[in-house]
Amino acid sequence: MNTKTSTGKWIGSTAAILIALLWAFPVYWMVNSSFQTTTTINALTPTWFPFPGGTMANYKAVLDPSTGFGTALRMSVMITVLSLAVCIVFAFLASLAISRFKFRGRKSFVLAIILIQMLPAEAMFIAQYKMIAELNLLNTVIGISIIYIATVIPFTTWMLRGFVAGVPADLEEAAMVDGCTRFGAFMRVTFPLLAPGLVASAVYAFIQVWNEFALASVLLTEDASETLPLWLRDFAQPSAYGPIPWGQVMAGSVLVAIPVMIFFLIVQGRMTQGMVGGAVKG
Amino acid sequence: MTTPAVAPSRLDDSPASSKKPFGKRILPYLLLTPALLALLVGMGYPLGWQILNSFREYGLAQQFGQPPAWVGLDNYITLLTDSFFWSVLIKSVLFMAVTALATVILGIGMALMMKAVSRPARITLQVAMLLAWAMPIVAQMTVWNWMIDQRNGLLNYTLSWIPGVDMIGHNWLVNPLSFFAVASVIITWASVPFVALSVYAALTQVSGEVKEAAALDGASGWQMLRRITLPIIRPILVILLLLQMIWDLRVYAQIELLQGFGSAGDRYDLLGTYIYGMGVGQGQFGMAAAAAMLVMIFTIGLSWFYVRELLKEDD
């Protein structure tokens, strides 16, 4: 009996690791290809490992000013910083309202937050495009940030609500009994406990905005205003001048993807908690 | 992973009576105002514009200053009697059904696997899931496009190992069915991690005592799964399936990118790219608004039951 279950577990674990390798393979292939030379990448037999024989030439080529990577990076940073700062403050205040107070309209607001997430954002592009065009804000940081803030607030509020609800109000009340004001109790007791949740929500919002492609492709139509995802799309586009330089395209993909992926790995445990927590708490 | 404290927060549940000081009554509204304003500008106004213009003639002529005329339901009628719209709609719904179901089934499978296997195997699987999940969409698409490249792509190379098969030079994006299959595989690959990790997180919250009791009563592993575990995590499974359906129905970025990689043309359209092409591409904003409204109504219909359940619980 015992040997049987442990054999079963062993087979299961092997299968799990094989599936893991399969799932992560595209990520590996991106990194591997980014170190290949033009010769090895265009050979009919693929090269499975980057070393020996790997090269940094693709990265040098991508980071050359002529590719526009730097401009796109600056645009991405500006849009992300603006959207993130505004979104986190607004969402945090809103999450306090719905998790710490009972008031008329609370239920409608919670419902609105859920409904907005259900709305197909892609179905609103046309209207958002017209609005930003009429405000003369196409191809600007502010124009696209207005929409990003509104897009990210609902989920961020929802996540933060889970975290705020996880800090019992009793703690605050105890501090108030000990002579703190309500605000003081909040700042000294609840806020420190919320810090990890705030960081997780901020990173979540960061990833959403940093990676966003669809809306950016609608609102940022000029080369000079491209964000990194748009830059990568253009960079990977087949051209009339010759075959796609796959090594460089993969190096570009690595540069766009890896920073976000590292952030993501750091906070994801908390993110899943926030999502499940939000769902469980209705 | 530790689970968050689930102690319910205490709501300030004294009724909003005039006994409470004015400042305290108005505070929650003040806290909500910034978020509400942001939502009104970024979502509310475009939504209003969209509803309004779905009932108006708003094409290129209106772009150049001619006032849009009210046409009632004409835009909707034109769409609903257009066989091309229906073909796109049916394709999109099929695409959504296949992709969302595959994602949720694979995701549940992976979560159960994480629960069953040894710790190192579980962590390996979780990290692999995270890597796929964390990848930006455009990077995902460039890598997959590289892997399915007709000449040097890994897929064709590997398939050609099979005796008698020579796939070198096969373009996966020309045949529309193959095009959508590629899109579906990529989206499933990218969406399974979210489902798997969420279901796994939910599974870890199922109390061991319930399962022990069932095991004492002689329940088999399969019975335990069907009768105990799945019903307990059902609320999370429902919302995950719903979210996947909504996301897969409105899919835009992946289709747009695949089209950019070499298969332009309306044979490769799903609703997202179709509406975008009609609006921004051809300048038929009234028609595009009506099409977007139809998608929206369809989505709200899908989520209606879920939202109603949620409201009941909130009471």
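The values are calculated or read from the model by the stated rules, or taken from the named source; none is laboratory data. The structure presented is a predicted model; accordingly, all values stated were derived computationally and were not measured. Here Cβ is always computed from backbone atoms with ideal geometry, including for glycine, and neighbour counts include all displayed protein chains. These accessible areas exclude ligands, DNA and RNA; they are computed on the full protein's heavy atoms, side chains included. Shrake-Rupley method; radii C 1.70, N 1.55, O 1.52, S 1.80 Å.
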Residue within region A:126-147 that is closer than 21 Å to B:Ala253 by Cα, open to solvent by 10 Å² or more (accessible area, probe 1.4 Å) and aromatic (Phe, Trp, Tyr) present: yes
Residue check for A:Thr37: over 26 Å from the mean Cα position of the chain (by Cα) and of a type in the set (Ser, Thr, Tyr): yes
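Any idea which residue in region A:79-94 is least open to solvent (accessible area, probe 1.4 Å), counting only those that are small (Gly, Ala, Ser) and more than 9 Å from every other protein chain (Cβ to nearest Cβ)?
Within region A:79-94, the match that is least open to solvent (accessible area, probe 1.4 Å) is A:Ser83.
On the basis of being of a type in the set (Phe, Trp, Tyr), within 10 Å of chain A (Cβ to nearest Cβ) and open to solvent by 30 Å² or more (accessible area, probe 1.4 Å), does B:Phe298 make the cut? Can you show your working first?
Working: of a type in the set (Phe, Trp, Tyr): yes; within 10 Å of chain A (Cβ to nearest Cβ): yes; open to solvent by 30 Å² or more (accessible area, probe 1.4 Å): yes.
Spelling it out, B:Phe298 is indeed of a type in the set (Phe, Trp, Tyr), within 10 Å of chain A (Cβ to nearest Cβ) and open to solvent by 30 Å² or more (accessible area, probe 1.4 Å).
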Any hit, region B:198-211, residues being within 22 Å of the chain's Cα centre (by Cα) and within 27 Å of B:Val138 (Cα to Cα): yes
Near pairs, Cβ below 8 angstrom, 6+ apart or cross-chain, from region A:195-211 (within 27 Å of A:Trp231 (Cβ to Cβ)) to any residue that is outside any helix (DSSP H, G or I): A:Trp210/B:Pro136; A:Asn211/B:Pro136
Single residue of region B:85-104 satisfying the filter (away from chain A (no Cβ under 14 Å) and open to solvent by 40 Å² or more (accessible area, probe 1.4 Å)) that is nearest to B:Ala290 (Cα to Cα): B:Trp86
Those residues of region B:23-45 which are farther than 17 Å from A:Ser108 by Cα and more than 8 Å from chain A (Cβ to nearest Cβ), in sequence order: B:Gly23, B:Lys24
Unmet requirement for B:Met43, which otherwise passes all of (1) loosely packed, with under 13 Cβ neighbours inside 10 Å; (2) under 24 Å from the mean Cα position of the chain (by Cα): (1)
Matching entry among B:Asp74, B:Asp82 (being charged (D, E, K, R), open to solvent by 80 Å² or more (accessible area, probe 1.4 Å), over 26 Å from B:Leu230 (Cβ atoms) and modelled with pLDDT of 90 or more): B:Asp74
Tally, over region A:202-225, of residues that are within 12 Å of another protein chain (Cβ to nearest Cβ) and open to solvent by less than 20 Å² (accessible area, probe 1.4 Å): 10
Sole exception among (1) open to solvent by 50 Å² or more (accessible area, probe 1.4 Å); (2) touching a residue at least 12 places away in the same chain (Cβ under 8 Å); (3) small (Gly, Ala, Ser) for B:Ala196, by number: (1)
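Per-residue answers, yes or no, for (1) part of a helix (DSSP H, G or I); (2) under 24 Å from A:Gly252 (Cα atoms):
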{"site": "A:Gly54", "(1), (2)": "no, yes"}
{"site": "A:Tyr59", "(1), (2)": "yes, yes"}
{"site": "A:Ser66", "(1), (2)": "yes, yes"}
{"site": "A:Arg74", "(1), (2)": "yes, yes"}
{"site": "A:Val77", "(1), (2)": "yes, yes"}
{"site": "A:Phe109", "(1), (2)": "yes, no"}
{"site": "A:Lys130", "(1), (2)": "yes, no"}
{"site": "A:Asn136", "(1), (2)": "no, no"}
Residues that are within 27 Å of A:Ile114 (Cα to Cα), over 19 Å from the mean Cα position of the chain (by Cα) and facing chain A (nearest Cβ under 7 Å), drawn from region B:280-295: B:Ala288, B:Ala289
Positions within region B:46-63 being open to solvent by 60 Å² or more (accessible area, probe 1.4 Å) and more than 19 Å from A:Leu137 (Cα to Cα), in sequence order: B:Ile51, B:Leu52, B:Phe55, B:Glu57, B:Leu60
Close pairs from region A:52-72: first closer than 17 Å to A:Leu232 by Cβ, partner surrounded by fewer than 16 Cβ atoms within 10 Å (Cβ to Cβ), Cβ under 7 Å, at least 6 apart: A:Gly68/A:Asp223; A:Phe69/A:Leu63; A:Thr71/A:Ala224
Selection within region B:148-169 - buried (at least 18 other Cβ atoms within 10 Å of the Cβ) and either at pLDDT below 90 or of a type in the set (Lys, Arg) (or both): B:Asn152
Residue selected from region B:121-162 under the condition touching a Leu at 6+ places or on another chain (Cβ under 6 Å) and either assigned to a loop (DSSP other than H, G, I, E, B) or under 18 Å from B:Ala183 (Cβ atoms) (or both), by the criterion nearest to the other protein chains (Cβ to nearest Cβ): B:Val138
Positions within region B:258-278 being closer than 19 Å to A:Glu212 by Cβ, open to solvent by less than 40 Å² (accessible area, probe 1.4 Å), over 17 Å from the mean Cα position of the chain (by Cα) and facing chain A (nearest Cβ under 8 Å), in sequence order: B:Gly260, B:Ile275
Flag for A:Met187 being of a type outside the set (D, E, K, R), at negative phi and in contact with a Phe, Trp or Tyr (Cβ under 9 Å, 6 or more places away or on another chain): no
Number of positions in region B:140-170 that are touching a residue at least 40 places away in the same chain (Cβ under 8 Å) and more than 27 Å from A:Val256 (Cα to Cα): 0
